[in-house]
1. Arrange 119, 167 by Cβ neighbour counts within 10 Å, fewest through most, would you?
2. Per 0.36 nm of contour for each residue apart, how much would the distance between residue 116 and residue 53 grow if the chain were fully extended, relative to their Cα-Cα spacing?
3. Taking the highest mean first, how do the peptides 35-42, 71-78 order by number of other beta carbon atoms within 10 angstrom per residue?
4. What is the gain in length, in nm to one decimal, between residue 62 and residue 163 on full extension, counting 0.36 nm per residue of separation less the C-alpha to C-alpha distance?
5. Label point 7 Å out from residue 72 along Cα-to-Cβ: which residues of the stretch 80-95 have amide N under 13 Å?
6. Which length gain, in nm to one decimal place, applies between residue 125 and residue 42 when the Cα-Cα distance is subtracted from 0.36 nm times their residue separation?
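Read-outs: derived from the displayed coordinates by stated rules, not from any lab. Computed from a prediction, not measured in an experiment: that's the story for all the values here. Cβ: placed from backbone, ideal geometry, glycine included. Neighbour counts: every protein chain shown.
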């Protein structure tokens, strides 16, 4: 794209001249104008990017291809496949890294009492679909956040042995199932420093 430029006051030229101001890109019969530093991809092919570079008085269009890492759909957690922020590559939560229930055994301590035996304490761990990408429709960044947490739990009661010899019942929340649950990306969630599992004692 060109525009007419008037001669400068200190110039000996009597007439102005046409100077290039944009890169001109022809894709499928459609003309696309790019300014210096702009990057653009066709709506149907986000894997190829075009950029405009100024070299002296000339504007040059450069093209590059996005190379995606190997993708195996069979290794993905069902329902977790999505397009990456670059609009080209596919990503997912891998099965071995997906949100799932784990288990550990530990003694329950409360006040000066302790469970007589180690108690099975399930917990939730793993990845969920969480991303930030640009939305052209909203003209802003689109955020999606999800946390791996308990989706079903139950009350369990165990006996605690106290230092004075008393045996008292103690009720806690036992994690039954885990899943990814959507949360507010902009809301700060404060987690106590010592709490690292999703078990909650009552």
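1. Values: 119 17, 167 10.
Neighbour counts put them in this order, fewest first: 167, 119.
2. Details: separation 63, 0.36 × 63 = 22.68 nm, distance 7.27 nm.
Taking 0.36 nm per residue and subtracting the Cα distance, the gain is 15.4 nm.
3. Working: 35-42: 13.5, 71-78: 11.9.
The peptides rank, most packed first, as 35-42, 71-78.
4. Values: separation 101, 0.36 × 101 = 36.36 nm, distance 7.65 nm.
Here the segment from residue 62 to residue 163 would lengthen by 28.7 nm.
5. 94-95
6. On the way: separation 83, 0.36 × 83 = 29.88 nm, distance 3.92 nm.
Separation in residues times 0.36 nm, less the Cα-Cα distance, equals 26.0 nm.
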